[in-house]
Amino acid sequence: MDSRISRIRSKLAKVPYQAQRSHSACAERHQFRLGPRIDSSKADAFESEYHIELPSAYRKFLVELGGSGAGPFYGLLPLEECRLYTMDRKPPDGTPRGFHHVSHPDALRGDLFLHIVEMGCSDLCLIGVTGPLIGRMVTGNADGFWPPNVSSAQDFLSWYERWLNHMRDGKDNEALGLVSPATVASAPGGPRARARETPAWQVAEG
């Protein structure tokens, strides 16, 4: 077993009770609870249906930890609700790239990204499943309202553990939907208002 699995399990169990942790946007939806683990056969069936391979670290999480629930923003989507996207071409006017669902008539034939975390509205949190970004977490906006951002974390488990670590340490990290306790206390509109001030793509540590 990947040693990160046991670390993440322990950290996730403790973080709701840490008084000085960061506010995690939309945590009231999942309340830091994971849904049931999925069987390997379910992951196999998903891969067969969509003709892809789930990135190893992400698949380990689903099979060994939980198949939905606790995570940045609104949390991890159940595998059956995850959908494949492609990134649009860079517009000639230099505006940011958007994304299209693979079944959309305007979708390009290109590298595939799986939508695995719910951010709300047309914002997307995806994991690369083909091409040079396999296993890397990418955030973006389907309509190109802000540019895509590739996390510096090398795989899903590292990205997820970073969310737990930064929350535990009381850090601001808009790319992970985190607002520090000091900032929450000073924001007249509350943590949700503060979380809207800076687009996620402007933070390099997601």
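Springs join every pair of Cα atoms under 10 Å in this Gaussian network model of the chain, and among ILE38, ILE134, ILE52 the largest mean-square fluctuation is at ILE52.
Pairs from the list LYS11/LYS42; LYS14/LYS42; LYS11/LYS171 with a Cα-Cα gap above 19 Å: LYS11/LYS42; LYS14/LYS42. Answer rounded, prolate or oblate for segment 65-109, using the Cα gyration tensor with square roots of eigenvalues a ≥ b ≥ c: rounded when a/c is under 1.5, else prolate when a/b is larger than b/c, else oblate. Oblate.
Its relative contact order, with pairs defined as Cα atoms under 8 Å and 6+ residues apart, puts the chain at 21 percent. For segment 21-162, what class follows from the C-alpha gyration tensor (a ≥ b ≥ c being the square roots of its eigenvalues): rounded when a/c is under 1.5, otherwise prolate if a/b is larger than b/c, else oblate? Taking the square roots of the gyration eigenvalues as a ≥ b ≥ c, segment 21-162 is oblate.
Distance between the C-alpha centres of segment 73-145 and segment 1-52: 20 Å, rounded to the whole angstrom.
The solvent-accessible area of ARG37, taken with every protein chain present and a 1.4 Å probe, is close to 150 Å².
The values are calculated or read from the model by the stated rules, or taken from the named source; none is laboratory data. Since this is a predicted model, take the numbers as computed values, not measurements. Just the protein is used for accessible areas: all its heavy atoms, side chains included, with ligands, DNA and RNA removed. Shrake-Rupley method; radii C 1.70, N 1.55, O 1.52, S 1.80 Å.
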